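Trainee: Can you keep this structure in mind? I'll have questions shortly.
The values are calculated or read from the model by the stated rules, or taken from the named source; none is laboratory data. Given the structure is predicted, the values throughout are model-derived calculations rather than measurements. For neighbour counting, all protein chains shown are included, and Cβ atoms are generated from backbone atoms with ideal geometry for every residue, glycine included. Each accessible area value is taken on the protein alone, full model and side chains, heavy atoms only, with ligands, DNA and RNA left out. Shrake-Rupley method; radii C 1.70, N 1.55, O 1.52, S 1.80 Å.
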Amino acid sequence: MPSQNNNQSKKGKLYIVGIGPGSVEQLTVHARDVIVNADYILGNDTYLDQIESLITNQNVYRSSMGQEVDRAKEAVKMAENHVAVMVSGGDANVYGMAGIVIEVAERNNLDVDIEVVPGVTAMLASASVLGAPVVTDAATISLSDLLTPWEVIEKRLSFASQADFIISLYNPKSRQRTSNFERAIAIIQKYKPAHVPVGLVKNALRGDEQEIIVTTLGDVLNYNDWVDMRTAIIICNADSRIWKSSNGDKIITPRGYQKKYEY
């Protein structure tokens, strides 16, 4: 009779892997390891292209944006008998694939071994190149109203702004959603002063593709035409400031050390 361990070794497993900002160098060691050793890798074309150098003998299942549910169903099915990896941009729990994949498993009552492998999300990737804009309480808000009604997004923007949270805006603009970024800024400007620093980072940590703009809430709409789906925006709080460094403008959000310690 085979041992329990041998039975377990024959079962499949599904990894939902956050691949970070898009460069292989920014993957965690664990993320790289499970991708390299997978039987199947699933994802949309954009994310699969970003990890192309790690794909050798794995079977690859490609699908386009908007086919997340079909992709999730296929991943859960594969994982019943194989080791499968669902790749997700940034972190799989931050507007990524973790939710839909686990929901599919739950709704279909499939007892599949699932592990979520974290990755660097856009807010943190962008913060790393802007200096220290996110060192205290922060909120992430997606401006995509594809799955969330705009009325709900407006409420979240309003409350986060009134509380002076640092706000990271995801999915600010697409070909179909050309005005949501401008509308969001108008809401935030009602509650935050014009001098609040704002960092805009396009293609964060993607080598030569990376572009950075440091501005203020009062002037950020001057860059409205520059913003697209590849842009992450960090809107700081009333205590934040811009440091005119010789290495480029940086944003500093004090956490409160200066009030307690001499430095």
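Trainee: Give the number of residues within segment 159-174 that are under 22 Å from Val94 (Cα atoms) and open to solvent by 20 Å² or more (accessible area, probe 1.4 Å). Steps first, answer last, please.
Mentor: First, the residues of segment 159-174 that are under 22 Å from Val94 (Cα atoms): 159-161, 163-174.
Okay, now just the ones that are also open to solvent by 20 Å² or more (accessible area, probe 1.4 Å), so 159, 163-165, 170-171, 173-174.
Total meeting the criteria: 8.
Trainee: For segment 34-134, which strands (runs of 3 or more DSSP E) that fit wholly inside it have 2 or more residues that are buried (at least 19 other Cβ atoms within 10 Å of the Cβ) and touching a Leu at 6+ places or on another chain (Cβ under 8 Å)? Please lay out each step first, then the result.
Mentor: Details: elements: 40-44, 59-63, 83-88, 114-117.
Result: 83-88.
Trainee: Any idea which of (1) under 21 Å from Val120 (Cβ atoms); (2) assigned to a loop (DSSP other than H, G, I, E, B) is the one Ser168 doesn't satisfy?
Mentor: (2)
Trainee: Scan segment 105-129 and report the pairs whose first residue is closer than 20 Å to Ala38 by Cα and whose second residue is surrounded by fewer than 24 Cβ atoms within 10 Å (Cβ to Cβ) and of a type in the set (Phe, Trp, Tyr), with Cβ atoms within less than 7 Å and a gap of 6+ or a chain change.
Mentor: Pairs found: none.
Results for (1) under 20 Å from Met123 (Cβ atoms); (2) modelled with pLDDT under 95, shown as yes or no for each residue.
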position	(1), (2)
Lys173	yes, yes
Thr178	no, yes
Ala184	yes, no
His195	no, no
Lys202	yes, no
Leu221	no, no
Ile233	yes, no
Asn247	no, yes
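Trainee: Could you give me the residue pairs with C-beta distances under 9 Å whose first residue belongs to segment 23-50 and is more than 24 Å from Lys11 (Cβ to Cβ), whose second residue is among the hydroxyl-bearing types (Ser, Thr, Tyr) and open to solvent by less than 40 Å² (accessible area, probe 1.4 Å) wherever it lies, and which are 6+ apart or on separate chains?
Mentor: Asn44/Ser63; Asp45/Ser63; Tyr47/Ser88; Gln50/Ser23
Trainee: A further question follows. For segment 59-97, how many residues meet the condition of being under 26 Å from Ala122 (Cβ atoms), polar (S, T, N, Q) and at pLDDT 95 or above?
Mentor: 2
Trainee: Checking Ala139 against (1) open to solvent by less than 50 Å² (accessible area, probe 1.4 Å); (2) closer than 15 Å to Gly90 by Cβ; (3) part of a strand (DSSP E or B), which test does it fail?
Mentor: Of (1) open to solvent by less than 50 Å² (accessible area, probe 1.4 Å); (2) closer than 15 Å to Gly90 by Cβ; (3) part of a strand (DSSP E or B), only one is false for Ala139: (2).
Trainee: Please work out which residue is least open to solvent (accessible area, probe 1.4 Å), limiting yourself to segment 16-30 and to residues that are modelled with pLDDT of 95 or more and more than 14 Å from Tyr47 (Cβ to Cβ).
Mentor: Here the answer is Thr28.
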